[in-house]
Amino acid sequence: MDVKFLYCPNCKELRVKPWYAIRDSCARCRDAGRVIEVPRSILTYMIYILTAAAFALIFFHTRQDNNLFLYTAVALVVAMMVIQFKELARGEKYARSKIKVTNSDKEALRKKGWT
C-alpha cells in the first residue's frame, strides 16, 4: 500500500490520507481534494522487515522467556519509528513538489509555512 497525501485547493492543506478514508475529501472543509500517491522507497521495505522481525522476536520471547528478545524488539520498534518519520518527511516533500502553485496561491501557502 502506497502512502497517499490529500491536497485541498480551497484550504491549501496537505495531509496524509487515512487508509480508511473512502472519499477523497478534505477533513476541514469537506470539499474534493487531490490525491497524490507517493512511490515506495527502500525505507518502506525496511519498515516492513523491521515490523516482521519485531513480531518474530516477541514471539520468541513468549516461547523462551528470554528478555534479550524483548529488548531487541523494542529497539527495532524505535528504529522503525525513526525510519517512518523520515519516510513521511520524504513523502511530504514529494507531494509538495507535485502541487502546482499559482500566483494567487503563493500568499496563502506562504502563511502556512511553504516556501
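Using all pairs of distinct alpha-carbon atoms, the Kirkwood hydrodynamic radius of the chain works out to 16.5 angstrom.
Over the Cα atoms of the stretch 1-48, Rg to Rh with Kirkwood Rh, two decimal places? Taking Rg over the Kirkwood Rh, I get 1.05.
Surface calculation, 1.4 Å probe, protein heavy atoms: residue 78 sits at approximately 80 Å² accessible.
The values are calculated or read from the model by the stated rules, or taken from the named source; none is laboratory data. Since the structure is predicted, the reported quantities are computational estimates derived from the model, not experimental observations. Quick note on the areas: whole protein, heavy atoms, side chains included, nothing else; ligands and nucleic acids left out. Shrake-Rupley method; radii C 1.70, N 1.55, O 1.52, S 1.80 Å.
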